[in-house]
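A.B. asks: Dropping a structure here in structure tokens format, bear with me for questions.
Derivation of every value follows stated rules applied to the coordinates shown; laboratory data play no part. Please read these numbers as outputs of a predicted model, since none were measured by experiment. Using ideal geometry, Cβ is built from the backbone for each residue, glycine included, and neighbour counts are taken over all protein chains shown.
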Amino acid sequence: MPALDYLPWSSGRGRHAAAAVPPDTPPDAPPPAERPGWTGTLAIREASQPHTVKAQPAAVSPERAGYVYGIPPGGLNEYNTQVGASTQTDRKSLMQQLYEGYLACPWAWACVQAIGRTITAGGLITDFNHDTGEGSQRIPAKPPPVLALERLIAFCNPVQDIRQLCRNVIADLLVFADAYIEVVWWGDLPVALYNQDSPTTSPVADEHGVITKYVQVTDYGQRAEFTPREIIHISLDSARPGVFAVSPMQAALLPVTAWLFAAADGKEGFRKGLPPSFHADFPNAAKEQEMRRWRDQYRTDNLGPRNIGNPVITKGGVSLKELQQGRIADVLSFKTQCRDEIFAIFGVPPSKATVIESGNLGGGTGDAQDKTYRIDTCEPIAQIVLEKLNFHITQQAFAITDWHLKFGSIDYRDSLIIEQIRDMRLRNGSWTRNKYAADIGEPPADGGDDPVLVDRQNLVLWTDMAALSAAGVAAKSGANQLPPSASPPSRKKKNSRPYPEPDIAGDPTGGSPGSDDDDTGDDGDSGETARFWQAYKTRFAAALSVLPAAETAGDSTTAGTVYALLSRSFPAARLAWVRKARWTGPAPVPASRLDLSGRDTWAASSDGTAARYQARLRRKTRKGGHIKPVILIRTPGSAKDVIADGHHRVLAAVDEHQPVWAYTGRVRSKTGPWDELHASQLKGNR
């Protein structure tokens, strides 16, 4: 059936009304509003590009011969699931115990919340399977099935959003070890996703573990049945895997229970005012009634916060002997030990559960602890959820094979660490100054597109690295081993300054400062310094003489390409400036970097050719190509690029919400012949 741009229903009973639609409803059936018994509303329209979305048939595997742990003879049904035949315990009581422990113990709750929020912080998004993340390949346009999948994610049901649904799934996995998602279908398309209560939902399976249906029986006796395609069953892993798994909450029952007992002891001790333990010795003649009366009086006059400081009063020969002070410190220490055991079972560092203690940093840094938490705890659970969603929804329901669902990533790194990484990239030349500025939202600077290498004392352009390397080789070879043609060339410039004469403290061949020997290792006062520096200048000049001349005006190949491109549409007399500019590209340029302030006055905005250029752009984009590059100019101090040629193509890209494919030339003046280049365009060339 065609992909539907559906809008979910607006009825309070929409979930049950949609579920009541027969799965074999024909595509040409009347709208739901015209169908008897329908209580919700559903708006449906065809996508702009019809595309057949056909659910994939379930894979058929050969039947297995082995039996599944925990399933009794005859299989598993809704009755023996909840008793000892399947789990060796009362499963319903166990689920209730886990749930109450999760609510009563704040550290168990904190661990579950931390993991769920970390995984789902970036939301659930679609991604192209062949995207390497480096930005070097073009991502194709999303086909209609992917757009339909994204609409389902954007509105999974009238009550929850997709983050809440996924977070509840993760909470169910961590507490109960099993999570269920109800899928509501409209024909062959899933139109809604709901969380299904885990403790009251049970699978029905044969002895080999093949599930035939799911049954829900609530505490009120309500009963519902689901086919396997209406339920996505997600389970954690465990030893002796069966239909049900083992959750971290179940593994942490002992420390959670111990923590609850310790918390109860501490609560009772504080309630009584932390009284000491002592022994009261009554005379032999004392009657039971007198001892009981003294005990009641002690409770009234000495126990509780209001009675702190009241003296213990006795008479008739009663003696008191203190056994020990109130040991609340031991209670707190034991609670801390139980807390750490709970953290270890869930795999959550204390800092992620809002516990900041220097003793918990361990041998690594906070960043290393965060990375371990994400890789060892969050990522495995996230992948379990994603594999189920991708198989049942992406592949089986929407028949999508080139795209997948994934959780978006959030950068949790410290701001100082991020700045240190940026600085490192700038210093080693991985980033340019303008790339650095763009990453922090600042405008580019003239000359900031040239990468540099910064060491302890020097700053060198990477384009000069060959010259620096040759000079170093020449210096290591010695001044007397230069080639015959390597005589120092005359490169004097007007008003040029002479080379500085630094103090040479020593060289690799030995010697000590202040000496006047052949190794030039002096303190700068002898004539050996001048001779060494003159030899260095000779070697450096000789190295430069054997290197090819650098193109000071930019990449000559790119400049020639741009010149040839423009010469087809403009007279050569108007293009002399092209070879003097520094060119980069062609590359995609976002519309935010373009000067579009006068677009309404452009001839391209009103000549009626916009639709033709947009159609050409879409045609090229579908084929993975590009239209003719636009020519952009970056003037000194400007944050926007001026359009020298290609106004029609710029408007087409902006209206299609695509970056502009362009060459960018950097010039040395604010204005120039590029500003009026379009006025000299030859007729019939655009």
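A.B. asks: Rounded to the nearest 0.05, what FRET efficiency do Ala591 and Ser680 give with R0 = 22 Å and r taken as the Cβ-Cβ distance? Could you check?
C.D. replies: On the way: r = 26 Å, r/R0 = 1.19.
That gives a FRET efficiency of 0.25.
A.B. asks: Please go through the residue pairs Lys92/Lys213; Lys272/Lys335; Lys406/Lys628; Lys580/Lys640 and name each one whose alpha carbons sit more than 30 Å apart in this structure.
C.D. replies: Cα-Cα > 30 Å for Lys406/Lys628; rest within.
A.B. asks: Can you tally the net charge around Thr201? Count Lys and Arg as +1, Asp and Glu as -1, for every other residue whose Cβ sits under 13 Å from the Cβ of Thr201.
C.D. replies: -4
A.B. asks: Roughly speaking, what is the stretch gain from Arg422 to Trp462, that is 0.36 nm per residue apart minus the C-alpha to C-alpha distance, in nm to one decimal?
C.D. replies: Length difference between fully extended and current span is 12.6 nm.
A.B. asks: Roughly how far apart, in whole Å, are the Cα centres of the stretch 563-588 and the stretch 160-186?
C.D. replies: So the two Cα centres are separated by 58 Å.
A.B. asks: If you stretched the chain out fully between Thr227 and Asp265, how much longer would it get, using 0.36 nm times the residue separation minus the C-alpha to C-alpha distance?
C.D. replies: 8.8 nm
A.B. asks: Suppose the chain between Asp450 and Leu103 were pulled fully straight at 0.36 nm per residue; how much longer would it get relative to their current alpha carbon spacing?
C.D. replies: Stretched out fully, the Asp450 to Leu103 stretch lengthens by 119.1 nm.
A.B. asks: Let me ask something else. Please turn the phi angles of the stretch 602-618 into ³J(HN,Hα) values with the Karplus equation 6.51 cos²θ - 1.76 cosθ + 1.60 (θ = phi - 60°), one per residue in order, whole Hz, x for glycine and proline.
C.D. replies: 5, 5, 5, 7, 9, 8, x, 9, 4, 4, 5, 5, 5, 5, 5, 5, 5
A.B. asks: Something else about it: Just to be sure I understand the model, the point goes 7 Å from the Cα along the line to the Cβ. What's the resulting Arg413 to His657 distance in nm?
C.D. replies: In this crude spin-label approximation the distance works out to 3.0 nm.
A.B. asks: Next question. Tell me which residues come under 5 Å, amide H to amide H, from Trp403 once H is placed; ignore anything under 5 positions away on its chain.
C.D. replies: When sequence neighbours closer than 5 places are left aside, the close amide H contacts are Asn129.
A.B. asks: Continuing with the same structure: Based on the mean of other Cβ atoms within 10 Å per residue, sort peptides 208-219, 393-404 so the most packed one is first.
C.D. replies: Per-residue mean Cβ counts within 10 Å order the peptides as 393-404, 208-219.
A.B. asks: For the stretch 344-450, what does the alpha-carbon gyration tensor say about shape, rounded, prolate or oblate, given a ≥ b ≥ c as the root eigenvalues, a/c under 1.5 as rounded, and a/b over b/c as prolate?
C.D. replies: oblate
A.B. asks: What ranking, highest mean first, results for peptides 655-663, 406-414 when packing means the other Cβ atoms within 10 Å averaged over each residue?
C.D. replies: Numbers: 655-663: 18.8, 406-414: 12.4.
Going from most to least packed, we get 655-663, 406-414.
A.B. asks: Show me, for the stretch 389-398, the HN-Hα J-couplings you get by feeding each phi into the Karplus relation (A = 6.51, B = -1.76, C = 1.60, θ = phi - 60°), rounded to Hz, glycine and proline as x.
C.D. replies: Each residue of the stretch 389-398 in turn: 5, 5, 6, 6, 9, 5, 8, 6, 7, 9 Hz.
A.B. asks: Another question about this same structure. Between Thr300 and Ser430, what is the label-to-label distance in nm when each label sits 7 Å out along the Cα-to-Cβ direction?
C.D. replies: If labels sit at Thr300 and Ser430, their model points lie 7.7 nm apart.
A.B. asks: Can you work out the FRET efficiency for the pair Glu63 and Asp188, with r the C-beta to C-beta distance and R0 = 35 Å, to the nearest 0.05?
C.D. replies: 0.80
A.B. asks: Moving on. Using the Cα centre of the stretch 345-467 as origin and beta-carbon charges of +1 (Lys, Arg) and -1 (Asp, Glu), tell me which of Gly441, Ile356, Leu386 is placed farthest towards the positive end of the dipole.
C.D. replies: Value: Leu386.
A.B. asks: Would you pull out the residues with amide H under 5 Å of Val589's amide H, same chain only if 5 or more places away, H placed 1.01 Å from N?
C.D. replies: Placed amide hydrogens put Val660, Trp661, Ala662 under 5 Å from Val589.
A.B. asks: As an exercise, use a Förster radius of 60 Å and the Cβ-Cβ distance of Phe391 and Val318 to find the FRET efficiency, rounded to the nearest 0.05.
C.D. replies: The value I calculate is 0.20.
A.B. asks: Along the Cα→Cβ direction, 7 angstrom out, place labels at Glu288 and Ala344. What is the inter-label distance in nm?
C.D. replies: Between Glu288 and Ala344, the label points sit 4.9 nm apart.
A.B. asks: Evaluate the charge dipole of the stretch 90-226 about its Cα centre and quote only its size in Debye, nearest 20, assuming +1 on the Cβ of each Lys and Arg and -1 on the Cβ of each Asp and Glu.
C.D. replies: 340 debye
A.B. asks: Taking the highest mean first, how do the peptides 145-154, 231-240 order by number of other beta carbon atoms within 10 angstrom per residue?
C.D. replies: The packing order, highest mean first, is 145-154, 231-240.
A.B. asks: So what's the net charge close to Pro305: Lys and Arg +1, Asp and Glu -1, counting the other residues with Cβ under 10 Å from its Cβ?
C.D. replies: On the way: positive: Arg271, Lys272, Arg306; negative: none.
Result for the local shell: +3.
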